[in-house]
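Worksheet: the structure to be examined is printed underneath.
The values are calculated or read from the model by the stated rules, or taken from the named source; none is laboratory data. The structure displayed is predicted, hence computed values, not measured ones. Backbone-built Cβ (ideal geometry, glycine too); neighbour counts: all protein chains shown. We work out accessible area using only protein heavy atoms, side chains counted, and drop any ligands, DNA or RNA first. Shrake-Rupley method; radii C 1.70, N 1.55, O 1.52, S 1.80 Å.
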Amino acid sequence: MLNQIFDQNTEQDVMMSEKMSAAIDLWARMYEDGGPWCNEKTGLHSCKLPVIISSEFARLVTLEMEVDITGSPRADFLQEQIKNFLIDIRAYIEFGCALGGIVFKPYVSNNQIVIDSVQGDDFFPTSFDTSGKMTGCVFVEQIKRKNNIFTRAEHHEYSNGTYTIQNRAFQSHSSESIGTPIALSDVPEWAQLTPDMQIKEVDRPLFAYFRVPQANRQDRHSPLGTSVFADAVDTIHNFDEQYGRYLWEFKGGELAIDAADDLLQTQLDGTIKMPERDKRLYRGHSVRAQDQSFYEIFAPQLRDESLARGMNTMLKQIEMQCGLAYGTLSDPQDVAKTATEIQASKQRSFSTVRDIQKSLQSALDDLIYSMDKLATLYQLAPQGSYQTAYDWDDSIVNDPQQRKQMYWQYVTAGKFPFWRYLVEFEHYTEKDAKEIANEAASSLSNPFDFKQQSGDNNAAT
């Protein structure tokens, strides 16, 4: 359908295989309602692990994130335009982590640059360059009004320094069909859009694609990203089933008293009435053997501990499959105890977060570039250069102890002031730290020669 929308000379094949389309649909269902196995027929309820995993990665990636654009009045304008977008960046990254990627598409409205976030199931790639970077894409938007469905397909394509944008609108009375072509002006929200336009002298597309930076095991030949929980789909399914058994263990093991009908209250119409105070405590039966007791207590021993251990094992497996440290989802009291094991577990999470941050930084570079070009095209701000600085707070993605040791080595090599080390890592005030540093320096022949005492200092820190 998308291939038939645009002119034949610009027609592009949608580069999304059936495998990827089905995978994205599955990840979206898992993120929204738990997955296809959670429904009334199965009786299973989702534990929302896909939401928890995506949210945790988004939190770690953006927790201390700062973006500064400086260098000129143009830079100040770009900083102001991206400010509101960065406020909600965590939610956008959560969607991207859940569905494998998200597109940031800037556009101009009322002389301001607005950034649209298009989730993984709302865009269709049409071309990639040799490095796997997306260069063409179709974005689909729908508006439902009374009995009409209005659909707009927006095709972006970059080729040889020229960026082409095409908009086509359609009207239908059913979701089964795209309907018939209409003018963009027929829909008030799209009246200001241009059907066809070209932008010259650009070196990349004017949209940014954030991709989860891991191997695509759903379709090895697709350059699209995959969900952060893609490798754990089956384990998450098994966990939801195990959680259902865990809940049933409590419900099925509720204390009950089996009593003969003749011991319960009989109504005038012959029906049996349970005691009003504890209706669910008593269970009546119509037949009582000659030697059977007046009543029997049903109180089986619960197997909750063994079921909980099995669930905790599954959570550890999910953590491994998603690149999270042990204890993120599983019981933190039941994780590796040796220093080496703890370090290896944390490093797995640090590495995953760092890779996602690199991918996000690349996408933000493309986004700011696109905003700069739109500012020039629509004359929104004076011409000028800009520089972008990112601060991710390395203490989140690097092991704090490893970072502390690294800076101590800088101190012993004379490349980092001792008093700054005391302030940052030992939490001294600047005044006290300088006094200690001066005292240490006066006791040494070389103020920067800490090598002779590095063993003692390392032990102390």
Those residues that are without any contact (Cβ under 8 Å) to a residue 12 or more places away in the chain and either within 22 Å of residue 378 (Cα to Cα) or in a strand (DSSP E or B) (or both), I need them from region 175-187; list them, please.
180, 185
Counted residues in region 180-202 being under 14 Å from residue 154 (Cβ atoms) and surrounded by fewer than 16 Cβ atoms within 10 Å (Cβ to Cβ) come to 6
Among the residues of region 92-112, which ones are modelled with pLDDT under 95 and of a type in the set (Val, Ile, Thr)?
108
Going by what's in this entry, would residue 232 be described as small (Gly, Ala, Ser), within 20 Å of residue 126 (Cα to Cα) and buried (at least 19 other Cβ atoms within 10 Å of the Cβ)?
no
Residue that is most open to solvent (accessible area, probe 1.4 Å), among those in region 141-164 that are within 15 Å of residue 203 (Cβ to Cβ) and without any contact (Cβ under 8 Å) to a residue 40 or more places away in the chain
160
Could you please tell me which pairs satisfy a Cβ distance under 6 Å, a separation of 6+ or placement on different chains, a first residue in region 31-59 that is more than 20 Å from residue 360 (Cβ to Cβ), and a second residue that is polar (S, T, N, Q) and surrounded by 14 or more Cβ atoms within 10 Å (Cβ to Cβ)?
34/46; 38/46
Within region 17-33, take every residue that is crowded, with 18+ Cβ neighbours inside 10 Å and more than 15 Å from the chain's Cα centre (by Cα) and give me the one that is nearest to residue 49 (Cα to Cα).
23
Hey, can you tell me all the residues within region 110-140 that are free of Cβ contacts under 8 Å to residues at least 12 places away in the same chain and under 23 Å from residue 372 (Cα atoms)?
110, 114, 129
Condition met for residue 205 (part of a loop (DSSP other than H, G, I, E, B), open to solvent by less than 40 Å² (accessible area, probe 1.4 Å), in contact with a Phe, Trp or Tyr (Cβ under 9 Å, 6 or more places away or on another chain) and modelled with pLDDT of 90 or more)
yes
What strands (runs of 3 or more DSSP E) lie completely within region 51-137 and have 1 or more residues being surrounded by 20 or more Cβ atoms within 10 Å (Cβ to Cβ) and of a type in the set (Asp, Glu)?
none
Quick check on my filter: what residues within region 319-345 are on the phi < 0 side of the Ramachandran plot, at pLDDT 80 or above and in a loop (DSSP other than H, G, I, E, B)?
324, 325, 326, 328, 329, 330, 331
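Select from region 108-161 the residues that are acidic (Asp, Glu) and on the phi > 0 side of the Ramachandran plot and list them in ascending order.
Passing the criteria: none in range.
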Kindly list, by first and then second residue, each pair from a residue in region 209-226 that is farther than 17 Å from residue 118 by Cβ to a residue that is among the basic types (Lys, Arg), limited to pairs with Cβ atoms under 6 Å and residues at least 6 apart or on different chains.
218/19; 219/19
